[in-house]
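Step one of this worksheet: look at the structure below.
The values are calculated or read from the model by the stated rules, or taken from the named source; none is laboratory data. This is a predicted model, so every value here is computed, not measured. Virtual Cβ from ideal backbone geometry, glycine too; neighbours counted across all protein chains shown. All accessible areas refer to the heavy atoms of the entire protein, side chains included, with ligands and DNA or RNA removed. Shrake-Rupley method; radii C 1.70, N 1.55, O 1.52, S 1.80 Å.
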Amino acid sequence: MRMLIIEDERGLADAIADGLVAEGFVADAAYDGGDGLWRGLHEQYDVIVLDIMLPNISGYEVLKRLRAASVWTPVLMLTAKDGEYDEADALDLGADDYLSKPFSYVVLVARLRALLRRGAPARPAVLTANDLCVDPAGRRCRRGEHDIDLTTREFTLLEYLVRHRDEVVSKTDILTHVWDEHFDGDTNIVEVYVGYLRRKIDAPFGRRTIETVRGAGYRLRGGGGDK
Ligand code: CA
């Protein structure tokens, strides 16, 4: 899950981004409206955190232009009570949620998770692919009755594959959503991590659910529905 934070107070933007990375998200920060808008238009994000009062282009204008360009990524707006706009305005402006400054980090993460779930209609809180069960909020993974220990990166990769189960996802898609835009190493890192996952979620159970689709990428065989 990839997030964009558009906030001109660099200390705050970086603290939010670092916190989200520690939670297993991929997070980019933009420090002004122009850069934020450009990223929002040209990159794919699952959620955008947007401050209203920004130099260059205001958050209000960023949101308007994103929606005008048919970018429907959920947006959580940060509002200041003494700002030009207040929280009621944020929703009028087309934000999906808002938080007034100063806010608690725990509340911010909870709201972002809620937006992620709401992002696609009826997105389940717990994701499943046959007897594989992935709980993003609890960061737990199970195959049948067996708990599986995953590292943060393995978990993020598995969550991405399960959210796109039965679809072919390319290495580039995976790098974009599981690593970040600054990753400039070898794309073989994806193969390496897919290998780690297979050894944890498939091999011990005699399964082969993560398929390599030659020249295209990977597909996690799902079947079944979500609980
Ligand atoms: Ca600001």
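With Cβ to Cβ distances under 10 Å as the rule, what net charge do the other residues near D149 carry (K, R +1; D, E -1)? Mind dumping the intermediate values first?
Working: positive: R140, K200; negative: D147, E154.
Local charge sum for D149: 0.
For the chain, which whole-number percentage of the solvent-accessible area (1.4 Å probe, protein heavy atoms only) is attributable to carbon and sulfur atoms? Could you put the intermediate results ahead of the total?
Numbers: 5350 of 11080 Å².
Solvent-exposed carbon and sulfur of the chain make up 48 percent of the total.
Can you compute the helix-only [θ] at 222 nm over the chain? Use -39500 (n - 2.57) per DSSP H run of at least 4 residues, normalise by all residues, nearest 500 deg cm²/dmol. Each step should come with its number before you reach the end.
Working: 8 runs with 84 residues, N = 227.
Helices in the chain give a 222 nm mean residue ellipticity of -11000 deg cm²/dmol.
How would the chain be classified by its alpha-carbon gyration tensor: rounded, prolate or oblate, with rounded meaning a/c under 1.5 and the a/b versus b/c comparison settling the rest?
Numbers: a/c = 2.23, a/b = 1.90, b/c = 1.17.
Prolate, because a/c is 1.5 or more and a/b exceeds b/c.
If you rank E7, E61 by how much accessible surface each has, with a 1.4 Å probe, what is the order from largest down? Don't skip to the answer; put the middle values down first.
Values: E7 0, E61 50 Å².
Final ranking, largest accessible area leading: E61, E7.
So for the pair Y105, D14, with labels modelled 7 Å out along Cα→Cβ, what separation do we get in nm?
Reported label-point gap for Y105 and D14 is 1.4 nm.
Considering only DSSP beta bridges with both partners in the chain, what is the antiparallel share in %, to the nearest 5? Display every interim value, and only then the final one.
Working: 14 of 32 bridges.
The antiparallel fraction comes to roughly 45 percent.
Please give the FRET efficiency for N188 paired with R142, using the beta carbon to beta carbon distance and R0 = 41 Å, rounded to the nearest 0.05. All intermediate terms of the calculation are to be shown ahead of the outcome.
Details: r = 29 Å, r/R0 = 0.71.
With a Förster radius of 41 Å, E is 0.90.
Name the helices (complete DSSP H segments) of the chain with a Cα length along the long axis of 20 Å or more and a Kyte-Doolittle mean of at least -0.5, or state none. Please list the in-between numbers first.
On the way: long enough: 105-119 (21 Å, 0.78).
TM-like helix candidates: 105-119.
Determine the per residue accessible area of the chain with all protein chains present and a 1.4 angstrom probe, expressed in square angstrom. Kindly include the intermediate steps, with their values, before the conclusion.
On the way: 11080 Å² over 227 residues.
Result: 49 Å² per residue.
Note the count of lysine pairs whose C-alpha atoms are less than 24 angstrom apart in the chain, limited to pairs 8 or more residues apart or on different chains. Could you put the intermediate results ahead of the total?
Values: K64/K81; K64/K101; K81/K101; K171/K200; K200/K227.
Close lysine pairs under the 24 Å cut-off: 5.
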